[in-house]
Structure formats: C-alpha cells, structure tokens
Amino acid sequence: MSQPSVILATASYDHSIRFWEAKSGRCYRTINYQDSHVNRLEITPDKHYLAAAGNPHIRLFDVNSNSPQPVMSYDSHTNNVMAVGFQCDGNWMYSGSEDGTVKIWDLRAPGCQREYESRAAVNTVVLHPNQTELISGDQNGNIRVWDLTANSCSCELVPEVDTAVRSLTVMWDGSLVVAANNHGTCYVWRLLRGTQTMTNFEPLHKLQAHKGYILKCLLSPEFCEPHRYLATASSDHTVKIWNVDGFTLEKTLIGHQRWVWDCVFSVDGAFLITASSDTTARLWSMSTGEDIKTYQGHHKATVCCALNDGAEPSAS
C-alpha cells in the first residue's frame, strides 16, 4: 500500500476511525474500534503510525496497512486517556489520563517508562518544543510543567480555581503558552527561560474567546510565519481565529451544527481541519474563512482529528 503524502484521520463515538483523502473527501479506510470510544488521535512524525487514545488504553495502528489490528497496545492507564503525542523524533510517546497521571512510553520498548502524578483528571498535555518539558492541564484547573531532565514538577499554575483546563498549546518557538478553560477563557503567558531549566510564565493576556466551553485551542505552526494565529474550538458550534499580535478576532468559522471538539492546522497554516458532534469533519481555508470540504461518513459525534501533511523525513 503506497503511503499518501497527507494523512488525515478522524474518530467518532460510532466506534470507528476513518482515514480520508484530504482533497477529494473520500474515506479510504475504516477501522472498527469496539473497545471504547476514542478521545484523541495523533500521527507519528514519520507518518507510519496512528495513536488512538481510548479508555483506558492507547492503541497504535499502522498507517500503511489495511489491517484492523493494532500493532501495539499501551495499557497501564486506568481511566480515559485524554491526551497523546510524540517526541519530535518519534522515539517516545506521552499521554495524560483522567486517572490523574501523565505517562511517557518508549516506542521501542514495552510498558510505561515514567509516570507523573497530577492528583486530578488530566485533560490535556503538550510537549514544549525544547522536547524536555511536558505541560499538563487538569480538571481542577492546575497547569503543571514536568521537567523530564530533572524528572519532577518544576512549575505549577492555577489560572482560575476549580475551572477545568480543557486544552493547552505552545507556540512552535516556545515563546507562548495558551490555556483554554470551561468558561470560554484563554489565558496567555509568555515563556521566559530562567537560569535553571525551569520555564517561567509571565502573564500576557486574558482572552474571553467564547461564551461556551473551549474544547481545543491551537497555535499556528512555524511555516505559517510571519502570521501567528490562535484557533479556539467551542461548544458554541464555532471556531474562532485570533491574531496573536494583540489577540484580535480575525475570523469566525461558521458551519458546524453542534459542538466543535478538535482542530488541527495544515503544516503551512493555510488550512484548518475541525471535528464536530454534527458527525462531520471540515476543511477550512484560513485566508477566506470558508469551509471547502466536508468529510461525511461517521454516524455519531466526530470528536477528534489528526493530520500530518509535513514533508517526508529524509532517509538516514
């Protein structure tokens, strides 16, 4: 099976994962996933594998196979896995779960290599571009930085007491971090490097982005420069695009009929893909704010999407 240059996948409460041709909108592969619903999808940097975070396991599927069976299962979480991602070389994976832990998994070895206790259900985890710090957000409103070199929590923040942090995102150059919560608020910090490896947070902006929940916030990628955007996906059925310079509203993406759970930028930041409870995923043009393709096929809420349209890694 030849590898497509663009990998686009969605998962739904209908217990399926679908792979799509991004341009035509055709679904070319469906994986029936009966074990649980899927909370989050992520594609490895080399485009070879898709991680599906479920309850309570993470399954790794071969992108270039038609096999419905996972190639690996990661099983030591005890509740919903809400976050999953990969280190830039694809050597290890990180995850966060409602069991209150953040875990690190070496993809070349079985089992979990490290575990950090957040003491509350973890909703979101992101890897700092320096590849040495994980930032987690939990149901109690705590944001924690986990220093992987020191193997400890180096920083704790509570932007709003008892207000769940739903989503975190870090600018590609490590200069900003944004946290979105259940009150529709985004907190923005500048990240300052201390003399130690610890990252210091300097409050920069508080953005009242939506009246409903923010389910996902995402900063635009490096190849979007010089433009810098923040996308916020909400229970109010919209996605808003904010200019990071001043946090002014650039566009509101209107078209989904229900909650928008997830979004992902194309590698150049020219497009955004969204996943919604209206069962569809959509492809949006960032320049016009119009939806230019609808991915239809799921029978229930589409709650997560993953895209890897980056350049092929050079053969070593």
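What the table below lists for this structure:
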| item | result |
| --- | --- |
| Protection proxy ranking of 52-64, 80-92 - average other beta-carbon atoms within 10 Å, highest first | 52-64, 80-92 |
| Segment 214-316: radius of gyration and largest Cα-Cα distance (Dmax), Å | 13.7, 46 |
| Eligible lysines near K211 by straight Cα distance, threshold 26 Å, same-chain separation 8 or greater | K240, K251, K300 |
| Length-normalised contact order of segment 1-40 in % [C-alpha pairs under 8 Å, at least 6 apart] | 36 percent |
| Amide proton proximity set for S16, modelled H, under 5 Å, gap of 5+ | Y33 |
| Where N is the number of residues in segment 1-98, Cα Rg divided by 2.2 N^0.38 Å | 1.02 |
| Extreme residue, positive dipole direction of the chain, given options H57, P110, N142 (C-beta unit charges) | H57 |
| Residues whose placed amide H lies under 5 Å from that of S234, excluding near-sequence neighbours | L215, V260 |
| Tensor-based shape of segment 76-184 (alpha-carbon gyration tensor, a/c under 1.5 rounded, otherwise prolate or oblate) | oblate |
| Contact order normalised by residue count of the chain, Cα under 8 Å, 6+ apart, percent | 13 percent |
| Percent RCO, i.e. relative contact order, over segment 55-105, from Cα pairs under 8 Å lying at least 6 residues apart | 29 percent |
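Coordinate-derived values only; no laboratory data. These numbers were taken from a predicted model, which means no experiment stands behind them. Glycine gets a Cβ as well: all are built from the backbone with ideal geometry, and neighbour counts include every protein chain shown.
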